[in-house]
Amino acid sequence: MHNAKGLLGRIVRDKQWRFGYRRSFCSLKVIPEDLDNQVLVEGSGCSRTAILNRPPALNALTTHMGYRLQKLYKNWEEDPNIGFVMMKGSGRAFCAGGDIVSLYKLMKRGSPDAIREFFWCLYSFIYLLGTYLKPHVAILNGVTMGGGTGVSIPGTFRVATDRSIFATPETIIGFHPDAGASFNLSHLPGRLGLTGLKLSGAEMLACGLATHYIRSEEVPVMEEQLKKLLTDDPSVVESCLEKCSEVAHPEKTGVLGRIDLLEKCFGHDTVEEIIDSLEVEASRGKDTWCITTLRRLKETSPLSLKVALRSIREGRFQTLDQCLIREYRMSLQGTIGPMSANFCEGVRARLIDKDEAPKWGPPSLEKVSEDMVDDYFSALTATEPDLDLPVKLRESI
C-alpha cells in the first residue's frame, strides 16, 4: 500500500473521480445499548465497510448514526493500514434519508437544539465524505432517497443495481431538497432536479449519479473481490469495479428519454412558467409523463417548489460546502423557524395521519411572495451561527 505522503500527493488528481417503494421515514424506539448497532462495521484486509443498520426504517439516519459515521470515518482516514472505505445498507434499502418522523416529534416537543444538532451532524459528515482522502465505494442496492443520497453521492464511487431507487421527495412533505441535494441535483442533465421523480439504477448510471452498475445478485461477489484488494489507489479500486460491473440501458420510455422535453419545460425561470409549459405539452399529446409530473407538482407545497427551484439553481454555481452551509440555514427555517408549519403539515398528512390532504401555506403559487422565498434562505436570527465546516483544512469539490 502507498504511504500517507503518496496518498496526500494524489488528492488533487483524485478530484476527477468524484461526481463532476414509498419512502418510510420511520421512527423506531431504541434503547441506548442498541445505538451503536445502527451502524455496523465489517473489516477485511485494508478495507472497512460501514453498514447502515435500521432495516425496518429503511436505514433512516439518526443523529447518533451521524456521529458514529463521523468517528469511524475520521479514524479510518487517519489509519495508514486502511486503504479504502465502503458503505452499504441492511435489508431492502441503502438509506431512505433522515428520520423525518423523529424530527416531527422533536418539533412537537419544542426541542430546537436537538433539531439543530441533527442537521449539523449529518451535514458535517456529508462534507467529510465529500472531502475524504481515501477512495470510497457506496453500494446503493435498494432505496436511496433524500439524506441517503447525501451520504453516498459525494464519495468516489457509487454502485447502482437493478434494485436501486433514487429520489429526492422532500417537497411533497413541505421541505426542500437538502443534505447536499442542491449541489448534486444541479449537475444532473435535463434539469431533473425539480421533477422529484424516481430513477432506476440504470438511469442513475446514465445521468452520473452512479459510477457503476451491477445486478443485485452479483453484489456479494463484487464485495468479496473488493475486500481482497490491498490498495489506497482509486484507479485500482475502479479497475475492480469495472471488472464486476456491466452495461445498463435505461428504458426508452423513462424520464431520460425525454431530456429535450425536460430542457424545454424545466428550463424556465419560474415555477409558474414550468407548470404552464408542462400543461401545454400535456394538452398537445396527452403525454402520460407530463400529466403525472403536473399532478405531482400541484400536490406539492407551493413554497417548497419555489424554494427548491432557487436552491438547485444556486447550487449550480456553488461548491459543496457553500451548498451545505446554505441548506443548513434553510433546514432550520423549515423546521424551527416561522416557515416550519409546512413541514409539520406535510409529515402529518403523508406519514402520521396519512390522509394525503396537506393544507399548505400559502396554498397557491401566486400567493408565495419573493420575500417569503428570501426569508427561507436567511439565518433564523442575526446571531444564529452558520454551519461550521473545516473548509481551510479540507478542500471542497
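The values are calculated or read from the model by the stated rules, or taken from the named source; none is laboratory data. Predicted model, so just to flag it, every value in this text is computed and none were measured. Here Cβ is always computed from backbone atoms with ideal geometry, including for glycine, and neighbour counts include all displayed protein chains. With ligands, DNA and RNA removed, areas are computed over all heavy atoms of the protein, side chains included. Shrake-Rupley method; radii C 1.70, N 1.55, O 1.52, S 1.80 Å.
Some observations on this one:
- Residue within the stretch 333-343 that is modelled with pLDDT of 95 or more and under 30 Å from GLU281 (Cβ atoms) present: yes
- Residues located in the stretch 87-133, provided they are out of contact with any Pro (no Cβ under 7 Å at 6 or more places or on another chain), assigned to a loop (DSSP other than H, G, I, E, B) and surrounded by fewer than 24 Cβ atoms within 10 Å (Cβ to Cβ): ARG92, GLY110, SER111, THR131, TYR132, LEU133
- Any hit, the stretch 208-221, residues being within 20 Å of GLY142 (Cα to Cα), at pLDDT below 95, hydrophobic (A, V, I, L, M, F, W, C) and touching a strand residue (DSSP E or B) at 6+ places or on another chain (Cβ under 9 Å): yes
- Residue check for LYS88: basic (Lys, Arg), in contact with an Asp or Glu (Cβ under 9 Å, 6 or more places away or on another chain) and more than 19 Å from THR63 (Cα to Cα): no
Residues checked against (1) closer than 27 Å to TYR328 by Cα; (2) of a type outside the set (Phe, Trp, Tyr); (3) outside any helix (DSSP H, G or I); (4) in contact with a His (Cβ under 8 Å, 6 or more places away or on another chain):
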{"residue": "PRO177", "(1), (2), (3), (4)": "yes, yes, yes, no"}
{"residue": "SER186", "(1), (2), (3), (4)": "yes, yes, no, no"}
{"residue": "MET222", "(1), (2), (3), (4)": "no, yes, no, no"}
{"residue": "GLY257", "(1), (2), (3), (4)": "no, yes, no, no"}
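- Out of PHE157, PHE175, sole residue that is among the aromatic types (Phe, Trp, Tyr) and farther than 30 Å from PRO362 by Cβ: PHE157
- Filtered residues of the stretch 134-146 (kept if at pLDDT 95 or above, outside any strand (DSSP E or B) and either within 24 Å of ASP162 (Cα to Cα) or in contact with a Lys or Arg (Cβ under 6 Å, 6 or more places away or on another chain) (or both)): PRO135, ASN141, GLY142
- Among the candidates LEU188, LEU199, residue that is modelled with pLDDT under 95 and surrounded by fewer than 21 Cβ atoms within 10 Å (Cβ to Cβ): LEU188
- Remark: VAL280 falls outside the filter, which requires a residue to be out of contact with any strand residue (DSSP E or B) (no Cβ under 6 Å at 6 or more places or on another chain), of a type outside the set (D, E, K, R), in a loop (DSSP other than H, G, I, E, B) and exposed (fewer than 13 other Cβ atoms within 10 Å of the Cβ).
- Exactly one residue among LEU194, LEU122 is on the phi < 0 side of the Ramachandran plot, hydrophobic (A, V, I, L, M, F, W, C) and at pLDDT 95 or above, and that residue is LEU122.
- Candidate set from the stretch 140-149 (those that are in contact with a strand residue (DSSP E or B) (Cβ under 6 Å, 6 or more places away or on another chain) and either hydrophobic (A, V, I, L, M, F, W, C) or within 13 Å of LYS88 (Cα to Cα) (or both)); member that is surrounded by the most Cβ atoms within 10 Å (Cβ to Cβ): THR144
- Tally, over the stretch 248-264, of residues that are over 24 Å from the mean Cα position of the chain (by Cα) and either among the small types (Gly, Ala, Ser) or modelled with pLDDT of 80 or more (or both): 3
- Within the stretch 245-258, the residues that satisfy the criterion of being surrounded by fewer than 18 Cβ atoms within 10 Å (Cβ to Cβ) and farther than 22 Å from THR171 by Cα are GLU246, VAL247, HIS249, GLU251, LYS252, THR253, GLY257.
- From the options LEU229, LEU205, residue that is open to solvent by less than 50 Å² (accessible area, probe 1.4 Å) and assigned to a helix (DSSP H, G or I): LEU205
- For HIS268, the conditions (1) in a loop (DSSP other than H, G, I, E, B); (2) of a type outside the set (A, V, I, L, M, F, W, C); (3) under 23 Å from the mean Cα position of the chain (by Cα); (4) over 30 Å from LYS134 (Cα atoms) are fulfilled apart from (3).
- In the set (1) more than 26 Å from VAL236 (Cβ to Cβ); (2) touching an Asp or Glu at 6+ places or on another chain (Cβ under 7 Å), the condition left unmet by GLN70 is number (2).
- Residue list for the stretch 103-135, filter: farther than 30 Å from PRO234 by Cβ and among the small types (Gly, Ala, Ser): GLY110, SER111, ALA114
- Of all residues in the stretch 150-184, those satisfying the criterion of being surrounded by fewer than 24 Cβ atoms within 10 Å (Cβ to Cβ) and closer than 21 Å to LEU303 by Cβ are ALA167, PRO169, ILE172.
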